[in-house]
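First the structure, in the form of structure tokens, and then the observations on it.
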């Protein structure tokens, strides 16, 4: 049986050069992969309830939002 991977997405926030681009970090078993999405996609994910906070202020990890930890089945 293969190991179940743990996934989580942290939202760093809008890019300084373009506030319509949102910087995110996907963590898979502790390995981070940075990626970017549009502000409208991010807002749609908030609407869908993917993230656990309102995304209005940064936490101690310098993230404005995050997901729960998902474990692969």
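The values are calculated or read from the model by the stated rules, or taken from the named source; none is laboratory data. A quick note: this is a predicted structure, and the numbers were derived from the prediction, not measured. As a convention, Cβ positions derive from the backbone with ideal geometry for all residues, glycine included, and neighbour counts pool all protein chains shown.
Beta carbons closer than 8 Å, at least 6 apart along the sequence or on distinct chains, pair a first residue in region 40-68 that is at positive phi and in contact (Cβ under 8 Å) with a residue 24 or more places away in the chain with a second that is buried (at least 17 other Cβ atoms within 10 Å of the Cβ) and outside any helix (DSSP H, G or I) for 55/11; 55/64; 55/65; 62/12. Would region 16-23 turn up any residue that is under 16 Å from residue 67 (Cβ atoms), in contact with a strand residue (DSSP E or B) (Cβ under 7 Å, 6 or more places away or on another chain), surrounded by 14 or more Cβ atoms within 10 Å (Cβ to Cβ) and modelled with pLDDT of 95 or more? Within region 16-23 (the criterion being under 16 Å from residue 67 (Cβ atoms), in contact with a strand residue (DSSP E or B) (Cβ under 7 Å, 6 or more places away or on another chain), surrounded by 14 or more Cβ atoms within 10 Å (Cβ to Cβ) and modelled with pLDDT of 95 or more), the answer is yes, since at least one residue qualifies.
Quick one: would you say residue 30 is at positive phi and either touching a helix residue (DSSP H, G or I) at 6+ places or on another chain (Cβ under 7 Å) or surrounded by 13 or more Cβ atoms within 10 Å (Cβ to Cβ) (or both)? When the stated conditions are applied, residue 30 does not pass them.
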